[in-house]
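Down below is the structure, laid out as structure tokens.
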Amino acid sequence: MPILFSVILLSESKMILVTRPSARLCCAFRTQLPKTRHCVSRCCQTTTKLTSRINSALVRTHSAPLIDHGHQDLLCYRQTRHYSSGHSLLCCPLSNRTLVKIKGRDSSNFLQGLITNDMRLLTTQQPAMYTMMLNVQGRVLYDMIIYVLPPEDEESVFLMECDKQLATELVQTMNRYKIRKKITMVIVEDEYKIWAVLPPDVVMDNKPLSVTLNKEKAAIISVPDPRLPPFGHRVITKQDHTVSDVLGGSHVMCDEKTYDKRRYIVGLSEGPLDLPPGNCTPLESNALFLNGVSFFKGCYIGQELTARTHHTGVIRKRLMPVIIHGDSTLLKPGMTIENNKAKNCGKFRNSVDSNGLALLRLQEAIGKDKLVAKNEAGEKTVDVEASVPWWWPTDSDEIIKQILTTLNK
């Protein structure tokens, strides 16, 4: 049986790398050596436990967040980004997001069978996790961030952040699968507020944002954004508190338009306009790149298509940031985007000012002439230009690697 993982300690203060078992390698073992299934499964579980222990040790030693990119084979402790007092953090109240409180002794196992990520990754040291819920065809229904809270009456408690418009539907969907599970699910928008804390400038590298908290700790939760830690922090407060009660440094308030524009600049999707329910897949939506999918957890609703797509290694379309050259108000969600040869390259999703998102065929969109958005009548509206986000792991996707190699020649 080959060794499927190794640990490399570069220095106590700099970096620890953990090479995780390759899902494709494990799949090969299951195919070629049926008798080793149990051994491979145990090896994956051992690696998960080892990763969790190193996670906890680093947080205790360095008191800094750990970036665990589920899409990579590396777990890295990285330096954090600090700003001087002259640079104010931006604080955005997220009124279009809400929270569902899930409580009960069966809550973790219940969610484990519904979501794309692994509930075992949630710990007190790593209390937030990005994930999605799919339909049986493997299409995205809801994108969510799950937070773990201290137990109440010896029962597990989680907060599930989702789009406010879809919260009631989300609870109804989960109730259909609740059969005899001892859990309760309640929308708690009247109890909590959700805030995004952003760096002063758009970040284009992998250093997480460092946020200083006041000693009174009015925040229920304050964590790096689990999708993309350099993007900012997620803060949850009680309704009678504001983010100003939590932050210890200089900060200014901003609106949700600023938050959405920042998301579109870096290529971060959120909510039903960016992820139309039932019309997109998690891998095309970059959920794997954003730490939102686990291939070591076992079955969940919609898992079959997701796993098959991942193991074939071919994802031809992806959600990408686009720059709009022209009047962005002419663009409508779902508009067709074509290249200069009138070939369909994908669909426009949404935008704020000149920045937006579009689902595009990689080989047709990157490194080509400007793309054109057309309305239902086939008439040209505006030109758009796509780009590869800096946070995509270019070495883990063959199509992305080929495109960037061609561009760099």
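Per-residue answers, yes or no, for (1) in contact with a strand residue (DSSP E or B) (Cβ under 6 Å, 6 or more places away or on another chain); (2) surrounded by 13 or more Cβ atoms within 10 Å (Cβ to Cβ); (3) touching a residue at least 60 places away in the same chain (Cβ under 8 Å):
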position	(1), (2), (3)
Lys164	yes, yes, yes
Thr173	no, yes, no
Arg180	no, no, no
Val197	yes, yes, yes
Pro208	yes, yes, yes
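Of the residues making up the range 297-322, those that are more than 21 Å from Tyr142 (Cα to Cα) and either free of Cβ contacts under 8 Å to residues at least 24 places away in the same chain or surrounded by fewer than 18 Cβ atoms within 10 Å (Cβ to Cβ) (or both) are His311, Thr312, Gly313, Val314, Arg316. For the range 223-251, filtered to residues that are modelled with pLDDT under 90, more than 12 Å from Lys193 (Cα to Cα) and of a type outside the set (Asp, Glu), the residue that is surrounded by the most Cβ atoms within 10 Å (Cβ to Cβ) is Val246. Flag: Lys182 matches the condition of being in contact with a Lys or Arg (Cβ under 7 Å, 6 or more places away or on another chain) and at pLDDT below 95. Counting only residues that are touching a helix residue (DSSP H, G or I) at 6+ places or on another chain (Cβ under 9 Å) and acidic (Asp, Glu), the range 339-381 holds 1 of them.
Looking across Asp395, Asp369, one residue alone is part of a loop (DSSP other than H, G, I, E, B), modelled with pLDDT under 85 and under 30 Å from Asn291 (Cβ atoms). It is Asp395. Selection of first residues in the range 363-381 that are on the phi > 0 side of the Ramachandran plot and of second residues that are modelled with pLDDT under 80, restricted to Cβ pairs under 6 Å at least 6 apart or on distinct chains, gives the following pairs, ordered by first then second residue: Gly367/Leu407.
In the set Leu149, Leu99, only one residue is surrounded by fewer than 19 Cβ atoms within 10 Å (Cβ to Cβ) and over 25 Å from Gln303 (Cβ atoms); that residue is Leu149.
The residue pairs whose first member lies in the range 111-122 and is over 15 Å from Asn175 (Cβ atoms), whose second member is among the acidic types (Asp, Glu), and whose beta carbons are closer than 9 Å, counting only pairs six or more residues apart or on different chains, are Gln112/Asp118; Leu121/Asp68.
Taking the condition within 25 Å of Arg262 (Cα to Cα) and in a helix (DSSP H, G or I), does Ile337 pass?
So Ile337 does not fit the description; no.
The values are calculated or read from the model by the stated rules, or taken from the named source; none is laboratory data. Since we're looking at a predicted model, the values are computed, not measured. As a convention, Cβ positions derive from the backbone with ideal geometry for all residues, glycine included, and neighbour counts pool all protein chains shown.
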